[in-house]
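Structure record follows, encoded as structure tokens.
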Amino acid sequence: MLNEVESAEVSNGDEEAQMISVSEEPPITAGDEVIQALREGVRLLPPQAVKDLLSIGVCVQCIFRLFGVHGHNYSCFSILQSNLYAVLGELIYLDKQILDNTSPKEYSIRHSSKDSEIEPPICSICLGILQFFYYDDKEQPVRKNCPHDLAASISEVVKTEGHQIDNFSFEVSIPPIIVENEQAVRFYMESKYGSEPWFHNTFRPECISVKDALKLYVVTPLAMSLDIQSSPSSFHVRLTYSHAKASSRTNFSEGIQDSKRRKAGEKMCSDTKKSLHGLLEDESSECCKLPLEKVSQPCSLSITCYRKPIYIGGRYLKYSRNVSQTRWIIDDERMGEASVEEIIGGTIRPMCRGDNYKFHAAGREDIDVRMLGSGRPFLVEVQNARIVPSEVAINDIEEKINNCKKVRVKSLKVVGTHGWALMREGEMEKQKQYAAIVWISRPLEDEDLQNICALKEMKISQKTPIRVLHRRSPLEREKIIHWMKIERLAESSQYFLLHLCTQAGTYIKEFVHGDLGRTYPNIGSILGCMAEILQLDVTDVKMDGFNTD
Amino acid sequence: MMNGHNSESDHTKILEDEELQRLLVPDVCHLPLTPPSAVDSNFVCYFAPDFIKPGHDQYVYRHANGLCVIGLAPMHVALQDKGGVTAVDFNVGKFDRSGIKVTGKRKRNAQHFEHNTALCKVCTNDNSYIVRCCVKGSLLEVNDRLIKQPKLLNTSANREGYIAIIMPKPADWLKIKASLIGPEDYKNLRALS
């Protein structure tokens with residue numbers, strides 16, 4: 001059927017070389033019904049206008065878009081581009097009017113050889129995007145003949161990255177000038193054919209955008225190739241098209257581009273429309289003059305895929321007094337022998353095969369303070385994880401971390417993004433419980449135990465401790481000591497264990513030794529003697545979330 | 001109180017509590033009889049004997065973060081007067097030092113003082129003495145508790161009776177450090193036990 005269409009080369013000094021050719025072989029993969037349906041749709045199009053569009057460099061895919069010929073077009077993804085051109089060719093060269101007006105010269109060149117297929121020029125609207133023509137990341141020109149082939153290339157990239165996925169979200173980013181190109185073509189068509197009877201029915205003001213058309217072409221074959229579904233997902237496959245040389249043709253639009261952050265495509269539409277409309281009225285404007293700037297190169301395409309961050313949370317305990325919470329390096333030298341962050345995050349990240357990790361904890365403790373009891377809630381954010389760990393994998397991670405003895409994790413599990421909010425809330429509001437080894441300058445009396453025990457919800461005022469005054473604002477902060485309890489130590493009269501529960505943000509060490517009187521009241525002032533703190537341990541971070549179920 | 005399905009978590013909790021107790025309670029025989037004070041643990045102590053004027057012994061406690069706490073050394077003349085210190089007045093020089101409000105991490109509004117700028121006047125029954133910065137830098141804080149409780153200087157000049165906190169630039173610190181002496185040398189100098 002397709003073989004009947006004659007190939008012709010239209011060449012003319014002022015016009016772009018157009019080629020509508022067709023192979024004389026039947027199409028490789030089916031879609032005969034689709035082609036037939038396309039033909040039906042195309043039959044209704046105005047031949048002269050279509051020829052006109054071809055002559056100004058618009059590709060067949062864009063022509064179909066502008067005239068609202070779709071549906072069938074997108075459903076069969078192995079239709080070759082040459083097939084599409086052939087269908088259009090039928091329309092044009094079977095039109096009597098065109099035939100009458102076409103010079104013999106245009107018909108003189110016939111191609112019977114299927115080898116000499118000349119590629120159509122790069123579309124002046126979509127810059128080759130819908131023609132599946134682009135520069136790959138090695139700057140090599142690539143032409144795909146059908147959506148299926150493009151999907152195959154994308155699929156290869158995804159498979160190489162090795163993500164374990166059930167579904168994917170598909171994103172496309174295109175150069176903004178494409179929207180301008182389309183607007184320019186629209187205005188050209190309106191000014192030339194606006195009064196034609198078919199115009200308002202066939203050439204509608206809105207049509208599928210280049211971006212949406214590309215998605216329609218690619219999403220289904222891609223989903224099939226990867227054997228997963230396209231649906232809202234944390235895993236994103238992204239096509240980013242960029243065009244170095246295509247610059248905005250109007251200063252007006254340039255101004256708009258500079259002053260606004262825009263998503264390539266849609267948002268520009270109405271702005272550019274207005275700007276071009278305004279300029280159309282102004283005779284001296286150049287922007288809508290056609291031919292559009294000749295496009296000699298296609299876009300560069302970057303295919304990327306990534307998973308949005310996953311969060312693994314739990315509680316950690318720190319048994320060492322020489323391990324800081326986060327990596328701490330001064331002048332190229334590490335403080336302490338390790339950090340909780342690196343022990344936990346550094347174990348989780350490779351098990352997820354992620355690119356990076358970030359460690360977040362609900363509060364922090366000094367390097368020389370142990371974190372005991374129920375543990376401190378934390379979240380590890382893993383970027384671009386290739387695998388989301390299973391329960392078994394999580395158990396392995398827990399075991400691996402716990403083997404190091406310095407740090408232990410509990411209740412480790414993958415949490416959703418709500419874990420984040422839980423943590424932030426816990427930092428500010430919650431109470432913390434401590435145990436300190438305290439020395440006083442005189443023997444402990446029973447009365448002391450009672451006095452201390454009796455103090456409930458005691459307000460203290462803390463000036464910014466001297467040890468952090470160099471990097472924090474000099475303020476006086478009011479804090480609450482919820483309760484305290486002294487535990488005597490068998491062999492000592494001046495040492496004891498002080499258990500206390502305080503408001504988040506209280507500096508415990510300073511509450512014991514007084515920080516030169518800048519924290520008041522303090523243990524020394526309450527007991528009427530000097531007090532020093534030897535050791536501090538955090539025994540509980542009261543937070544409801546992040547517990548074993 | 002152990003019913004069927006709770007007993008395991010209760011049991012775990014008990015074990016955890018026992019473990020916690022074991023971790024918390026220290027071995028007392030490993031603890032020092034008298035531990036170092038917070039000042040000794042966190043600061044390096046320097047002394048400036050006869051600072052500008054004879055008998056005006058001051059101390060400079062320098063923290064690892066660079067901040068310096070300034071105060072009266074044990075043999076400062078003011079502390080030897082009969083009756084000890086009776087009043088402290090920060091209104092010396094051009095303005096009242098106790099009125100400065102330093103704000104923010106960058107310590108804006110801090111006054112930049114020279115090493116011999118006056119910080120305050122310490123009064124006894126018979127005399128008054130000027131206390132000076134000792135270190136060139138930004139004045140972050142004066143101990144305004146001394147206004148209401150000047151006797152702190154008599155009981156704990158080395159702790160709650162500190163005079164001020166100054167933030168010197170690294171270069172300025174090095175300059176003054178050369179003229180300061182350590183605690184041992186100060187003790188020997190003043191023939192203290």
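When B:N42, B:N125 are checked against the criterion of being polar (S, T, N, Q) and within 11 Å of another protein chain (Cβ to nearest Cβ), a single residue qualifies: B:N42.
Filter the stretch A:477-493 down to the residues that are within 23 Å of A:Y520 (Cα to Cα) and either in a loop (DSSP other than H, G, I, E, B) or hydrophobic (A, V, I, L, M, F, W, C) (or both) and list them by number. Within the stretch A:477-493, A:I480, A:I481, A:W483, A:M484, A:I486 meet the criteria. Please tell me if B:P170 is over 13 Å from B:V85 (Cβ atoms) and either at pLDDT 95 or above or open to solvent by 10 Å² or more (accessible area, probe 1.4 Å) (or both). Yes: the conditions hold for B:P170.
Considering each residue of the stretch A:457-468, count those that are open to solvent by 70 Å² or more (accessible area, probe 1.4 Å) and within 13 Å of chain B (Cβ to nearest Cβ), and give that number.
0
From the list B:Y186, B:Y162, the one residue that fits, being in contact with a strand residue (DSSP E or B) (Cβ under 9 Å, 6 or more places away or on another chain), assigned to a helix (DSSP H, G or I) and crowded, with 19+ Cβ neighbours inside 10 Å, is B:Y186.
Per the listing A:E491, A:E510, A:E476, A:E487, the residue uniquely under 30 Å from B:L139 (Cβ atoms), touching a helix residue (DSSP H, G or I) at 6+ places or on another chain (Cβ under 9 Å) and either within 11 Å of chain B (Cβ to nearest Cβ) or open to solvent by 20 Å² or more (accessible area, probe 1.4 Å) (or both) is A:E510. The residue that is farthest from B:E114 (Cα to Cα), counting only those in the stretch B:128-177 that are within 12 Å of another protein chain (Cβ to nearest Cβ), aliphatic (A, V, I, L, M) and free of Cβ contacts under 8 Å to residues at least 60 places away in the same chain, is B:L152.
When residues in the stretch A:526-539 are screened for being buried (at least 20 other Cβ atoms within 10 Å of the Cβ), out of contact with any His (no Cβ under 8 Å at 6 or more places or on another chain) and part of a strand (DSSP E or B), 3 of them pass.
Looking at this structure, is B:V44 under 22 Å from B:P168 (Cβ atoms), in a strand (DSSP E or B) and open to solvent by 70 Å² or more (accessible area, probe 1.4 Å)? When the stated conditions are applied, B:V44 passes them. Only one of the listed residues (A:R376, A:R364, A:R349, A:R315) is assigned to a loop (DSSP other than H, G, I, E, B), among the basic types (K, R) and within 33 Å of the chain's Cα centre (by Cα). That residue is A:R364. Within the stretch A:433-451, being charged (D, E, K, R) and either surrounded by fewer than 12 Cβ atoms within 10 Å (Cβ to Cβ) or closer than 30 Å to B:G137 by Cβ (or both) holds for A:E445, A:D446, A:E447. Candidates in the stretch B:125-136 are the residues that are open to solvent by 10 Å² or more (accessible area, probe 1.4 Å) and touching a helix residue (DSSP H, G or I) at 6+ places or on another chain (Cβ under 6 Å); of these, the one that is farthest from B:C68 (Cα to Cα) is B:Y129. For the stretch A:367-389, the criterion of being open to solvent by 70 Å² or more (accessible area, probe 1.4 Å) and at pLDDT below 90 is satisfied by no residue at all.
Being among the hydrophobic types (A, V, I, L, M, F, W, C), modelled with pLDDT of 90 or more, more than 30 Å from B:A164 (Cβ to Cβ) and open to solvent by 50 Å² or more (accessible area, probe 1.4 Å): is that true of A:A454 here?
Working: among the hydrophobic types (A, V, I, L, M, F, W, C): yes; modelled with pLDDT of 90 or more: yes; more than 30 Å from B:A164 (Cβ to Cβ): yes; open to solvent by 50 Å² or more (accessible area, probe 1.4 Å): yes.
Criteria met by A:A454.
Answer yes or no as to whether A:V392 is open to solvent by 70 Å² or more (accessible area, probe 1.4 Å), aliphatic (A, V, I, L, M) and over 23 Å from B:N65 (Cβ atoms). Yes, satisfied.
When A:R334 is tested against (1) without any contact (Cβ under 8 Å) to a residue 60 or more places away in the chain; (2) charged (D, E, K, R); (3) surrounded by 18 or more Cβ atoms within 10 Å (Cβ to Cβ), exactly one condition is not met: (3).
Just to be sure before I move on: is A:T519 within 30 Å of A:I312 (Cβ to Cβ) and β-branched (V, I, T) in the structure I sent?
no
Set side by side, the residues A:K405, A:K430, A:K400, A:K413 differ, and just one is open to solvent by 40 Å² or more (accessible area, probe 1.4 Å), within 24 Å of the chain's Cα centre (by Cα) and of a type in the set (D, E, K, R), which is A:K413.
Filter the stretch B:63-88 for residues that are more than 10 Å from chain A (Cβ to nearest Cβ) and either among the small types (G, A, S) or without any contact (Cβ under 8 Å) to a residue 40 or more places away in the chain (or both) and give the result. Those that are more than 10 Å from chain A (Cβ to nearest Cβ) and either among the small types (G, A, S) or without any contact (Cβ under 8 Å) to a residue 40 or more places away in the chain (or both): B:A73, B:A78, B:Q80, B:G83, B:G84, B:A87.
For A:A504, the conditions (1) within 30 Å of A:V380 (Cβ to Cβ); (2) within 11 Å of chain B (Cβ to nearest Cβ); (3) touching a helix residue (DSSP H, G or I) at 6+ places or on another chain (Cβ under 9 Å) all hold with the exception of (2). Restricting the search to helices (runs of 4 or more DSSP H) fully inside the stretch A:138-211 and requiring at least 3 residues that are open to solvent by less than 20 Å² (accessible area, probe 1.4 Å) and under 21 Å from A:Q81 (Cβ atoms) gives A:147-161, A:177-193.
Regarding B:D50, is this residue more than 14 Å from chain A (Cβ to nearest Cβ), modelled with pLDDT under 95 and either in contact with a Phe, Trp or Tyr (Cβ under 7 Å, 6 or more places away or on another chain) or open to solvent by 40 Å² or more (accessible area, probe 1.4 Å) (or both)? So B:D50 passes the test.
The values are calculated or read from the model by the stated rules, or taken from the named source; none is laboratory data. Predicted model only: the values in this text are computed from it and were never measured. Don't worry about glycine lacking a Cβ; one is built from the backbone with ideal geometry, like all the others, and counts go over all protein chains shown. Ligands, DNA and RNA are stripped out before the accessible areas are found, and what is left, the full protein with its side chains, is counted by its heavy atoms. Shrake-Rupley method; radii C 1.70, N 1.55, O 1.52, S 1.80 Å.
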